[in-house]
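Q: My questions all concern the structure below.
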Amino acid sequence: MNAAAREPGTRRRVAERRPRPSLRVSRAVVVPAVLVLLALVGAALTAISAGSGTTTTAGTVTGALVDRTTFACPDLTATRGTSTSVGLGLAPAPSDVQPADGGSVTQGPVTSEGRPIDVRRGSAVDLRPDGGPAVVATGGAAAGLFGYRTDSQRGRALGVTSCPAPRAQWWFTGAGAGLDHSSTLVLANVDPGPTVLDLKVLGPDGPVDTVATEGITLAPHSVKRVDLSEIAPQTDEIALSVSTSRGRVVASVDDRYAAKASATQGQEWLSGTDLPSRTLRLAGVPGTRTAATLLVANPSELEAVVDVQLAGKSGSFAPTGLDAISVAPGAVETIDLSKVLPKKEPLALRLRSRVPVVASVRTVAGDDHSYATPVAPLVGPAAAPVVKGADATVQVTAGAVAANCTVTAYDAKGTEVDSAKLTVDARATASWSPKKGAAYVVVEPDSGEGGGGTLHGAVTYDGGGLASVPLTALPLRLERPRVHPGLR
């Protein structure tokens, strides 16, 4: 119990003394005066808070520029016949952001000290892919830095992933631990202290009994790879949770999937989300596809009833022939969407449930596959690579209100090669592809007049395989809770 809570009960009564002259103020006068004073102080603090940053959402305020960024690319040796590349980009700053000059960027294997690397504002550079580079940026170089990894299997399969920052919670939906569908979990501790974590696996029949998946310790600056067939054998469709009780972890999932028994497996990186949610937005369903499967996992102890809405170029609609989906507690439900999705149209999905769920959409084309995974509304610019030999398509979806954004493509030296302003109708999906010569694209939501709605999206890749990477806001400004003074 804190001091403020103890005080009323610990005061000692003072014995009556002989009355002496004093100034006594009526309680009826003191209370209103105190309330007025607190209101004035609250108004002043609110004004100070409003002047110290730009409001982004209710309850948050943006503050100082990010001056340190840490992330890691997946540390997994490429299989035979696979070409792997890793890169960094330092996106141009928006007009309302002015990063400081200088700063430093170091990169190297998670397990050893990084070496300096020169990456200038607007440019994109290649890194050595060995060792799953861990990247640390400080000063002005930390604002707007992003990393990515691509894997290509002789023009037959393509995998693309961003290099994520560490956090305490991860969920992956759509992994596998069978013969025709197998996945590898890659864990990296980029911090100077140990990390302790638990793994939890859900399958079609409910929670999967696993061995040695609790209290896993990762030493500082270490990497651990987990073949999911070793902890959940003969389970083709699973959802995987990674949660830490101490420290943080970078988690990635390498997914190998064959659309038909004994067919060649395609490769993709499965992006993770942080927590289950009652409302999920899945972005990155490409127009090129021969099959599509929705996977919904229910981590709760109650049955989940999930409604599905599609967001296409003309707006939002319920798919014909698809009723509400029931998912048993702790189970993964698989739904074939191949016949209910409009053909040759980029799409996003919105799922709503009374209990929190996690989900993804697996899309198949030829021998390869990709995933549309949960995405959050963009609170600032986002960037994604443009892969050589593949057609990149930016897909953005608006929320309940129409929204605008500017999409710009840059070459590796930071020169603008293409741009467009997209107007996205409410609950609709718009798409755009850059001209050749681009190294990466930046999507910047418009917060000006007519652009007040929210946007979320992904970039899909078609050519030499199929891939998708979600759009995540670049590290630019710190976000702090907005404090509203009040009375209890």
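Q: Setting aside same-chain residues fewer than 8 positions from K200, which lysines have a Cα under 27 Å from its Cα?
A: K224
Q: With a Förster radius of 41 Å, plug the Cβ-Cβ distance of V211 and F317 into 1/(1 + (r/R0)^6) and report the FRET value to the nearest 0.05. Let's see the in-between values first.
A: Working: r = 45 Å, r/R0 = 1.10.
So, using R0 = 41 Å, E works out to roughly 0.35.
Q: Given Cβ point charges of +1 (Lys, Arg) and -1 (Asp, Glu) and nothing else, what value in debye, to the nearest 20, does the dipole of segment 65-478 about its Cα centre take?
A: Once rounded to the nearest 20, the dipole reads 640 debye.
Q: Shifting gears a bit: Report the Cα centroid-to-centroid distance between segment 128-186 and segment 254-273 in angstrom, as an integer.
A: Their Cα centres are 15 Å away from one another.
Q: I've got another one for you. In Å, what Kirkwood hydrodynamic radius results for segment 65-478 from the alpha-carbon pair distances? Walk me through the numbers on the way to the answer.
A: Working: mean 1/r = 0.0470 Å⁻¹.
After inverting the mean inverse Cα-Cα distance, the result is 21.3 Å.
Q: Follow-up question, since we're still on this one. Could you state the number of Å between the C-alpha centres of segment 363-380 and segment 302-325?
A: 17
Q: If R0 is 30 Å, what FRET efficiency do you get for T290 and A168 from their C-beta distance, rounded to 0.05?
A: According to the calculation, E is roughly 0.20.
Q: Would you please calculate the Kirkwood hydrodynamic radius of segment 345-407 over all C-alpha pairs and express it in Å, rounded to one decimal? Kindly include the intermediate steps, with their values, before the conclusion.
A: Details: mean 1/r = 0.0680 Å⁻¹.
Answer for segment 345-407: a Kirkwood hydrodynamic radius of 14.7 Å.
Q: Moving to a separate point now. Sort 232-241, 431-440 by the packing proxy (mean of other Cβ within 10 Å over each peptide's residues), most packed first. Working shown, then result.
A: Working: 232-241: 20.7, 431-440: 18.3.
For the peptides 232-241, 431-440, the packing ranking is 232-241, 431-440.
Q: Segment 110-125 to segment 384-445: how many Å between their Cα centroids?
A: So the two Cα centres are separated by 25 Å.
Q: Quick one: length gained pulling A376 to T82 fully straight, 0.36 nm per residue minus the C-alpha distance?
A: 102.7 nm
Q: Which of the lysines could be linked to K339 by a straight reach, that is with a Cα gap under 28 Å, when you skip same-chain ones fewer than 8 residues away?
A: K260, K313
Q: Suppose we take every Cα in segment 178-268 and form the convex hull; what volume per residue is that in Å³? Walk me through the intermediate numbers first.
A: Values: hull volume 8.0 nm³, N = 91.
Normalising the Cα hull of segment 178-268 by residue number yields 87 Å³.
Q: Please turn the phi angles of segment 317-332 into ³J(HN,Hα) values with the Karplus equation 6.51 cos²θ - 1.76 cosθ + 1.60 (θ = phi - 60°), one per residue in order, whole Hz, x for glycine and proline.
A: 7, 7, x, 5, x, 10, 7, 4, 9, 9, 10, 5, x, x, 10, 10
Q: Considering the Cα positions of segment 61-126, please state its Rg to one decimal place and its Dmax as a whole number of Å.
A: 15.1, 48
Q: Hey, can you rank 271-278, 299-306 by average C-beta count inside 10 Å, highest first? Write out the running numbers ahead of the final one.
A: Numbers: 271-278: 19.0, 299-306: 16.8.
The peptides rank, most packed first, as 271-278, 299-306.
Q: Something else about it: Restricting to Cα pairs below 8 Å that are 6+ residues apart, what does the relative contact order work out to for segment 65-478? Please round to a whole percent. Walk me through the intermediate numbers first.
A: Numbers: 1314 pairs, mean separation 71.7, N = 414.
In percent, rounded to a whole number, it is 17.
Q: Between V340 and R156, what is the FRET efficiency for a Förster distance of 22 Å, r being their Cβ-Cβ separation, to the nearest 0.05? Kindly include the intermediate steps, with their values, before the conclusion.
A: Details: r = 28 Å, r/R0 = 1.28.
E between V340 and R156, to the nearest 0.05, is 0.20.
Q: Would you mind computing, in nm to one decimal, how far apart the modelled labels at K435 and K388 are, each placed 7 Å from Cα along Cα→Cβ?
A: Result: 2.0 nm between the two label points.
Q: Right, next: Taking amide H atoms as placed 1.01 Å from N in the peptide plane, list the residues 5 or more away in sequence, or in a different chain, whose amide H sits under 5 Å from that of L474.
A: When sequence neighbours closer than 5 places are left aside, the close amide H contacts are A382, A383.
Q: Can you sort H221, H456 so the residue with the fewest Cβ neighbours within 10 Å comes first? Spell out each step's value before the answer.
A: On the way: H221 16, H456 27.
Taking fewest neighbouring Cβ atoms as first place, the list is H221, H456.
Q: I would also like to ask the following. Pop out the Kirkwood hydrodynamic radius of segment 244-376 from its pairwise C-alpha distances, inverse of mean 1/r, in Å to one decimal.
A: 15.6
Each reported figure results from applying straightforward, stated rules to the coordinates on display, with no laboratory input. If you're wondering where the values come from, they're calculated on a predicted model, not measured in any experiment. Cβ atoms come from the backbone with ideal geometry, glycine included; neighbour counts cover every protein chain shown.
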